[in-house]
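Trainee: Would you mind keeping the following structure in view while I ask a few things?
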Amino acid sequence: MNADILIKNGIVLTMNDHGAVVDKGAVAVKDSLIAWIGPDDQTGEIQAAKVLDAEGGIIMPGLINAHTHASMTCFRGLADDLPLMTWLNDHIFPAEAKLTEDMVYKGALLACAEMILSGTTSFCDMYLFEGAVAKAAHDSGMRAVVGEVLYDFPSPNYGPLENGFAYTRDLLEEYKGHDRVRIAVEPHSPYLCAPDLLKKAREIAEEWNAPLVIHASESENEVAQIKEKYGCTPMEHLAKIGFLCPRLMADHCVVLTDNDISLLADNKVKAVHNPESNMKLASGIAPVPALLEAGVCVSLGTDGCASNNNLDMMAEMDAAAKIHKAAALDPTVMDAKTVLTMATKNGASALGMDGLCGVMEQGKLADIIILDVNRPHLVPMYNPMSHVVYSARGGDVRHSIIHGKLVMEDRRVLTIDIKQAMAHVRELAKTIA
């Protein structure tokens, strides 16, 4: 067999339905796909242009950040230690009013560098000037689902709402058929979007077979607003107007009733858990164990750098596992396999890529990371899966392959000039401050 890349001498965590692990394994990549997985001692017939020695490390699917605002790297640390609505209305919205397409591109490129360095290969983004985020994803080699945020009020990018729908359609047309970048339709939230806006957004998503993304039930304050305005919870409101559907990603889902959970399950909505952001903004703890028990597909996201303040999915997995154990006073809740599945396979399902990536199997897209386990905090290793969730850090990711291309080798990002990316955002911070 001829291959583009052969990864040897590692522990392969497939994350497939059987939970298969190849202890002394190897992976061959050809074009954009995983061409072969098997024992390391069976690679003799494989001729590869590039050979990577994992040195006993973990070979696994790339992590999927199912909810973020990449360009908020520009606002990292700008408004910390504030409640959600104060943070949003008094600090973030005024700062975003000054954004330009160039600022968004530079912030997104820095975010892509941060994500690649910490093991993320795919992300779902909601922000302004999303054409610039799509370009940053394309230029960096990352896989992304991106969508322009839609509001009832004029946007700093497109102005009145009708222009926002037109901007979204233009992006859908521009990136139609792109191998790594897909466009979603993304109204901000039930409290900033009227029913007619939400209905129109779903119509466009259906027309283009595109993902649909919204913030929903993020805080008690939001739920109170919707109850006062519509006489029901946000999820009940979205159900009444026909917005809940299998293509929908509902971000946060912190404040839910039993009926809300049933609505999500019945409509096959994908929920995205953002534990670190929810903790930092004191929004609460999403009822993830109950969602999983009800059969809801729950994935994992970091949210943006202004409310996290990083894009490290390794840290996010650790937080997701531990916060629910503490809340339930039960150490068996949210075990390592469940959390790692949320960050890989479930993330792919949420982004509309179920069966394409998020697992290590022949024929799947080659989005692969290799972790260096020859570090003091990773020795010894009894269980690779729990090691990834509880012991590993973003800085332990040594190599990253996306769509069959090597984008990071030995901690060196090959697609982005990181010093330049950091310098650009430092300059932007002077104007933002």
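The values are calculated or read from the model by the stated rules, or taken from the named source; none is laboratory data. Remember, it's a predicted structure, so these values are computed and weren't measured experimentally. Note: areas computed on protein heavy atoms with side chains; ligands, DNA, RNA excluded. Shrake-Rupley method; radii C 1.70, N 1.55, O 1.52, S 1.80 Å.
Trainee: Antiparallel DSSP bridges in the stretch 1-95: what percent, to the nearest 5? Numbers along the way, then the final one.
Mentor: On the way: 12 of 20 bridges.
Here the antiparallel bridges make up roughly 60 percent for the stretch 1-95.
Trainee: On average over all directions, what projected area in square nanometres does the stretch 112-208 have, based on the convex hull of its Cα atoms? Walk me through the numbers before you get to the answer.
Mentor: Values: hull surface 25.2 nm².
For the Cα atoms of the stretch 112-208, the hull's average projected area reads 6.3 nm².
Trainee: Among T168, T121, T257, which one shows the highest mean-square fluctuation when the chain is modelled as a Gaussian network with alpha-carbon springs under 10 Å?
Mentor: Comparing T168, T121, T257 in the GNM, the peak value goes to T257.
Trainee: Is the shape of the stretch 348-433 rounded, prolate or oblate, going by the alpha carbon gyration tensor and its root eigenvalues a ≥ b ≥ c, with a/c under 1.5 for rounded and a/b larger than b/c for prolate?
Mentor: Because a/c hits 1.5 or more and a/b fails to exceed b/c, the stretch 348-433 counts as oblate.
Trainee: What are the ³J(HN,Hα) values, in whole Hz, obtained from phi via the Karplus relation 6.51 cos²θ - 1.76 cosθ + 1.60 with θ = phi - 60°, for each residue of the stretch 260-274 in sequence order, with x given for Gly and Pro?
Mentor: 4, 4, 5, 5, 5, 5, 5, 9, 6, 6, 9, 9, 10, 8, 10
Trainee: Ok, one more. Amide H of T257: which non-local residues (sequence gap of 5 or more, or other chain) have their own amide H closer than 5 Å, using H built in the peptide plane?
Mentor: The list, which skips near neighbours in sequence, is empty: none.
Trainee: Hey, can you grab everything whose amide H is under 5 Å from the amide H of A144? Only 5+ residues off in sequence or another chain; H modelled, so Pro and N-termini drop out.
Mentor: For A144, whose amide H was placed from the backbone, the distant partners under 5 Å are F123, V181, R182.
Trainee: Still on this structure, please answer the following. Whole-Hz ³J(HN,Hα) for each residue in the stretch 290-305, computed from phi via Karplus 6.51 cos²θ - 1.76 cosθ + 1.60 with θ = phi - 60°, x for glycine and proline: what do you get?
Mentor: Using θ = phi - 60°, the values come out as 5, 4, 5, 4, 7, x, 6, 6, 10, 10, 10, x, 8, 6, x, 5 Hz.
Trainee: Another question, if that's okay. If you take the C-alpha gyration tensor of the chain, multiply each eigenvalue by 5 and take the square root, what semi-axes do you get, largest first, in whole Å?
Mentor: Square roots of five times the eigenvalues give 34, 24, 21 Å.
Trainee: In Å², what does the accessible area per residue of the stretch 1-150 work out to with a 1.4 Å probe? Intermediate results must be reported in sequence, preceding the final value.
Mentor: Working: 4950 Å² over 150 residues.
Counting only protein heavy atoms, the per-residue value for the stretch 1-150 is 33 Å².
Trainee: If you wrap a convex hull around the alpha carbons of the stretch 1-56, what volume per residue comes out, as a whole number of Å³?
Mentor: 74 Å³
Trainee: Starting from 0 in steps of 5 Å, tell me what percent of the Cα-Cα pairs of the stretch 393-433 lands in each bin.
Mentor: Calculated P(r), rounded to whole percents: 6, 20, 19, 17, 16, 12, 8, 2, 0.
Trainee: OK, next. For the chain, what's the relative contact order in percent, using C-alpha pairs closer than 8 Å and at least 6 residues apart?
Mentor: Working: 978 pairs, mean separation 91.1, N = 433.
Relative contact order, the chain: 21 percent.
Trainee: Next question, about the same structure. Using only Cα atoms, locate the centre of the stretch 25-67 and the centre of the stretch 128-166, then give the distance between them in Å, rounded to an integer.
Mentor: Measuring centre to centre over Cα atoms gives 34 Å.
Trainee: Follow-up question, since we're still on this one. What ³J(HN,Hα) values, in whole Hz, does the Karplus curve 6.51 cos²θ - 1.76 cosθ + 1.60 give for the stretch 419-428 when θ = phi - 60°, with x put for Gly and Pro?
Mentor: Once θ is set to phi - 60°, the couplings for the stretch 419-428 become 4, 5, 4, 5, 4, 4, 6, 4, 5, 4 Hz.
Trainee: Which cross-chain or sequence-distant (5 or more) residues have an amide H under 5 Å from the amide H of M360, H modelled 1.01 Å from N in plane?
Mentor: M15, N16
Trainee: Still on this structure, I have one more. Using a 1.4 Å probe on the protein chains only, how many percent of the accessible area of the chain belongs to carbon and sulfur?
Mentor: Taking all protein chains in place, the chain shows 51 percent carbon and sulfur surface.
Trainee: I've got another one for you. Distance between Cα centroids, the stretch 233-268 to the stretch 333-395: provide it in whole Å.
Mentor: Each part's Cα centre sits 28 Å from the other's.
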